[in-house]
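Accompanying notes for the structure given below.
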Amino acid sequence: VMASMAHLQKEKLRLQEELLELQEKLAAQENNEMSLSLQMQGQVDTLKAKLLEQAQEISRLRSELGGTDAEKHRDLLAAENERLRQEMKACEGELRELRRQQQAPCRDCPHLQENAGLQEQLSQLQREAEETRAKLVELDLEVQQKTNRLAEVELRLKDSLAERAEEEERLSRRLRDSQETIASLKSQPQQIKYIIKTVEVESAKAKQALCETQSRNQYLQEQVGMQKQVLKEMEQQLQSSQKTEAQLRAQIMMYEAELERAHGQMLEEMQAMEEEKNRAIEEAFSRAQVEMKAVHENLAGVRTNLLTLQPALRTLTHDYNSLKRQVRDFPLLLQETLRSARAEISQAIEEVHSTNRELLRKYRRELQLRKKCHNELVRLKGNIRVFGRVRPITKEDGEGPDAANAVTFDADDDAVLHLLHKGKQVSFELDKVFPPQASQEEVFQEVQALVTSCIDGYNVCIFAYGQTGAGKTYTMEGTAANPGINQRALQLLFSEVRSKAADWDYAITVSAAEIYNEALRDLLGKEPQEKLEIKLCPDGSGQLYVPGLTEFRVQSVEDINKVFEFGHVKRVTECTNLNEHSSRSHALLIVTVRGLDRSTGLRTTGKLNLVDLAGSERVGRSGAEGSRLREAQHINKSLSALGDVIYALRSRQGHVPFRNSKLTYLLQDSLSGDSKTLMMVQVSPAEKNTSETLCSLKFAERVRSVELGPVSRKAELSSWPSQEHLEGDSLGSAAPPGRGHASPSPGHLSNRSASIRRKLQTSG
């Protein structure tokens, strides 16, 4: 019961606060109405001041203008202004009456917005009245200006008339003088000639004066006509001004009627507002009584509800205690939930990582499969496969912006590289791209499949292309500690031969030659300066061979090293501005593999051509002079001929210019469709070499698009019973039917090979 009483006391206080708020709102409304009445009083005062100013202006105009029509209009306007002043006094009386009515208490008045609308209409009418008064002032000024102009015209007309009268009087005086002179002359007959002459002279002057007077009179008449026309125009303008004034007077009357109508509406609305106020007070009182009755009813309901709230209170107490226990146990539950959530999240992350690893593995497998299929397609089409290798930045490249790295790689595709040339990135797609960190072993793993196909009877050609100093010789020959493709290829051939020794007998021979200044020289011969020629095989097969080219049989890795050392000593290299050990010739290592299957008698002949092309160079950058300049010219000419051959093959022309250079003529078998050909393009990543790098990569793309057709295997059935027969055939045959290089006579070849072997053993 005490709690319910306290609740009723709070409710009573709330109702009292609402009553106080309503009283404050009523006081605020009364203040707003007082402020509005003060604003209206101020507007009335301003209208009074404006009327006084208008009366003063009219009196001033009356004093300035005489008894004209404009003065009559001013009098009418003054009367109208007096009438307006009386109406303003009546409005003031009505405003005082409204102020007295507003002093009575008014609460919750709903007509404040209508009162504001009426005030806006009143202000609009006042603005229109001000605009009308401004137009009247403008008309007064215009009438005054026209009156002044009329007075000026009248003065000018009077002056013109006075001048005309003076001129007529002067002319009449002269006429009388002339008549008197004529009369005096008539009275003197003895001087008639003289008088006649004099009369004639003076009559001419009189005529001239009379003409001048007549012209002056005509001019004055024209001036008078013009002044009359101006006067007529001024009268027309005055009439139009009177019409405008009549229109303005009609508008003023209309505005007065609207003002009276607005005043009547305002009175009616004030009465309606008063009635609405009384009705609102009655409604508020009745509503307060109803609310009070509802409060008493609620109090009774509260009293009845108190009896039923005790069980609910006990229930709430029990719930509160249980919630308190849950809150006390909440940190433990939260920690357990967080542990389980972390475990689930870590498990989900692990699953996502495993899924990503699986997808990455599948992607790489698909990429390898795609690459394998592409390589198979290239093999079937007979395309020239193109590998790219980028050498690292070295100290010879210098420092600064010219030595910056301009080549980047694709992380997802190992066959794409990007070159930054003149601020633009150019992308190239090859069959395989080796970054600078790629080792010699990684490079050879990609080409060993081609090398092993040589054992099966296929012709294979691998040549390195690129600018000077790009690493061609390093890729093909390498160093003693880290050999290149040449030595690794022969080592692989030996291992394959040993693995097939149970069924096959193989003989491996090596030849080395260079093309220096368009001259083919034997690097393993006694006289390396001797020039050799390229000729067609006499068996009519259309294949090429080099008569007199030395073939040296190798049986171990030691033989390979001796052959390479012997040939490397005789190769021409010089120092230029771009490369300390620049190759000045195209080097060719020709490896011939002849095999015999002892069980079937199948004989195969495969040839592996390993070509280290001389580097293309710009004479201005390399600083070549004298013999170096002549060497550079021959190198660039042979590489240009190689480009012409590639263009002709790519565009499928009927004639391919193989004979334009010794290099292209010697590579005719490798580029004419019966050989597996691989081009290793060497690239320099330095910024200063981007122009040469761009040319090399563009040439590589053109080479990659050349289709040579399917490759045939060189195999035939014959009786070849023994290893000795194989060795004798390999060393003693003069001109093999395939693409082998034969010497003129077997005895001469055997003697030369024996002497070379003795020299190698002695040097070893």
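The values are calculated or read from the model by the stated rules, or taken from the named source; none is laboratory data. All figures in this text were calculated on a predicted structure; none of them were measured in a lab. Glycine also receives a Cβ, built like all others from the backbone with ideal geometry; neighbour counts cover every protein chain displayed. Surface areas here come from the heavy atoms of the whole protein model, side chains and all, with no ligands, DNA or RNA. Shrake-Rupley method; radii C 1.70, N 1.55, O 1.52, S 1.80 Å.
Structure data summary
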{"read-out": "In the range 662-691, the residues that are within 34 Å of the chain's Cα centre (by Cα) and open to solvent by 20 Å² or more (accessible area, probe 1.4 Å)", "value": "GLU687, LYS688, SER691"}
{"read-out": "Residue that is open to solvent by less than 50 Å² (accessible area, probe 1.4 Å), modelled with pLDDT of 70 or more and part of a helix (DSSP H, G or I), where the choices are LEU15, LEU22", "value": "LEU15"}
{"read-out": "Any pair with Cβ under 9 angstrom, 6 or more apart, that starts in the range 382-402 at a residue that is under 16 Å from GLY469 (Cα atoms) and ends at one that is among the aromatic types (Phe, Trp, Tyr)", "value": "GLY388/PHE428; GLY388/PHE434; ARG389/PHE434; VAL390/PHE409; VAL390/PHE434; ARG391/TYR474"}
{"read-out": "Cross-chain or 6+ apart pairs with Cβ under 9 Å, the range 528-544 first and farther than 16 Å from GLU514 by Cα, then at pLDDT 80 or above and assigned to a loop (DSSP other than H, G, I, E, B)", "value": "LYS535/VAL546; LYS535/PRO547; LEU544/ILE534"}
{"read-out": "Any hit, the range 311-319, residues being open to solvent by 100 Å² or more (accessible area, probe 1.4 Å), under 30 Å from MET2 (Cα atoms), at pLDDT 85 or above and in a helix (DSSP H, G or I)", "value": "yes"}
{"read-out": "Qualifying residue in the range 646-661 (condition: buried (at least 18 other Cβ atoms within 10 Å of the Cβ), modelled with pLDDT of 80 or more and outside any helix (DSSP H, G or I))", "value": "yes"}
{"read-out": "Residues located in the range 460-486, provided they are out of contact with any Leu (no Cβ under 8 Å at 6 or more places or on another chain) and under 15 Å from VAL593 (Cα atoms)", "value": "none"}
{"read-out": "Condition met for PHE434 (of a type in the set (Phe, Trp, Tyr), surrounded by 18 or more Cβ atoms within 10 Å (Cβ to Cβ) and under 43 Å from the mean Cα position of the chain (by Cα))", "value": "yes"}
{"read-out": "The listed residue being among the hydrophobic types (A, V, I, L, M, F, W, C), closer than 19 Å to VAL433 by Cβ and at pLDDT 90 or above, out of VAL390, VAL378", "value": "VAL390"}
{"read-out": "Residue within the range 525-542 that is touching a helix residue (DSSP H, G or I) at 6+ places or on another chain (Cβ under 6 Å), at pLDDT below 85, open to solvent by 10 Å² or more (accessible area, probe 1.4 Å) and not in a strand (DSSP E or B) present", "value": "yes"}
{"read-out": "GLN101 loosely packed, with under 15 Cβ neighbours inside 10 Å, at pLDDT below 65 and not in a helix (DSSP H, G or I)", "value": "no"}
{"read-out": "Criterion: over 22 Å from LYS607 (Cα atoms), open to solvent by 10 Å² or more (accessible area, probe 1.4 Å), free of Cβ contacts under 8 Å to residues at least 24 places away in the same chain and of a type in the set (Gly, Ala, Ser) - qualifying residue of ALA449, ALA502", "value": "ALA502"}
{"read-out": "Conditions (1) over 30 Å from ASP503 (Cα atoms); (2) surrounded by 23 or more Cβ atoms within 10 Å (Cβ to Cβ); (3) more than 49 Å from the chain's Cα centre (by Cα); number of the one not met by CYS454", "value": "(1)"}
{"read-out": "Leading residue by the ranking (modelled with the lowest pLDDT) among those in the range 543-581 that are closer than 26 Å to THR468 by Cβ and assigned to a helix (DSSP H, G or I)", "value": "LYS570"}
{"read-out": "Residue list for the range 250-277, filter: without any contact (Cβ under 8 Å) to a residue 60 or more places away in the chain and either polar (S, T, N, Q) or not in a helix (DSSP H, G or I) (or both)", "value": "GLN271"}
{"read-out": "Options GLN221, GLN247: the member that is in a helix (DSSP H, G or I) and closer than 30 Å to LEU141 by Cα", "value": "GLN247"}
{"read-out": "Cβ pairs under 9 Å, 6+ apart, first in the range 692-704 and farther than 15 Å from HIS421 by Cβ and assigned to a helix (DSSP H, G or I), second open to solvent by 50 Å² or more (accessible area, probe 1.4 Å) and modelled with pLDDT of 90 or more", "value": "ARG704/GLU429"}
{"read-out": "Test for SER241: is it at pLDDT below 80 and either open to solvent by less than 50 Å² (accessible area, probe 1.4 Å) or assigned to a helix (DSSP H, G or I) (or both)", "value": "yes"}
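For (1) modelled with pLDDT of 65 or more; (2) open to solvent by 80 Å² or more (accessible area, probe 1.4 Å), each residue gets a yes or a no:
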site: LYS10; (1), (2): yes, yes
site: SER37; (1), (2): yes, no
site: LEU61; (1), (2): no, no
site: LEU65; (1), (2): no, no
site: GLU71; (1), (2): no, no
site: MET88; (1), (2): yes, no
